[in-house]
1. Quick check on the stretch 1-29: of everything there that is touching a residue at least 24 places away in the same chain (Cβ under 8 Å) and acidic (Asp, Glu), which residue is surrounded by the most Cβ atoms within 10 Å (Cβ to Cβ)?
2. Restricting the stretch 30-59 to residues that are modelled with pLDDT of 90 or more and of a type in the set (Gly, Ala, Ser), which is surrounded by the most Cβ atoms within 10 Å (Cβ to Cβ)?
3. I want to confirm something. Restricting to the stretch 42-87 and keeping residues that are in contact with a Phe, Trp or Tyr (Cβ under 9 Å, 6 or more places away or on another chain) and outside any helix (DSSP H, G or I), which single residue is farthest from Thr15 (Cα to Cα)?
4. Tell me yes or no: at least one residue of the stretch 36-46 is over 10 Å from the mean Cα position of the chain (by Cα) and under 19 Å from Glu77 (Cβ atoms).
5. Give the number of residues within the stretch 1-35 that are among the small types (Gly, Ala, Ser) and more than 22 Å from Glu77 (Cα to Cα).
Amino acid sequence: MYTRFEHAINATKTTDLLILSTVLSEIVQECIKQSAVPHMDPAVMLVCYQIAFSGNGDFPDPNFYRNLYKACKQKTEDPTMEIKIEQPYSPS
C-alpha cells in the first residue's frame with residue numbers, strides 16, 4: 001500500500017490534471033484519517049504545486065518545491081520521522 005508521500009512523489013511525474021486531482025483527493029482523505037492538517041502536509045503541498053505548474057506553468061519557488069519533494073522522500077524511508085515545512089514568505 002502506498003503512503004500519501006509515495007503518491008505525492010509519483011504525482012510529480014505527470015501533468016495530467018485529472019490524475020493529479022484524484023491523487024490530491026486521496027492524499028487529503030488520508031491526512032484526515034491520520035488527524036494530520038492537510039494544508040500543512042508536505043504531500044498535499046507537493047501535489048498542489050504540481051497542479052499549479054501543470055495548470056498554468058505557475059512555479060513560484062523551486063527551492064520550496066525541492067524541499068517538499070525531499071520531505072516526502074524522507075517520510076517514505078522513515079514514516080516515523082517528524083517533518084516541519086516552512087511555507088515561503090509571500091508579500092501581501
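The values are calculated or read from the model by the stated rules, or taken from the named source; none is laboratory data. The model shown is predicted, which means the values in this text are computed figures rather than measured ones. Please note: Cβ atoms are built from the backbone with ideal geometry, for glycine as well, and neighbour counts cover all protein chains shown.
1. The qualifying residue surrounded by the most Cβ atoms within 10 Å (Cβ to Cβ) is Glu6.
2. Ranking the candidates gives Ala43 first.
3. Ranking the qualifying residues of the stretch 42-87, first place goes to Pro79.
4. For the stretch 36-46, residues over 10 Å from the mean Cα position of the chain (by Cα) and under 19 Å from Glu77 (Cβ atoms): present.
5. 2
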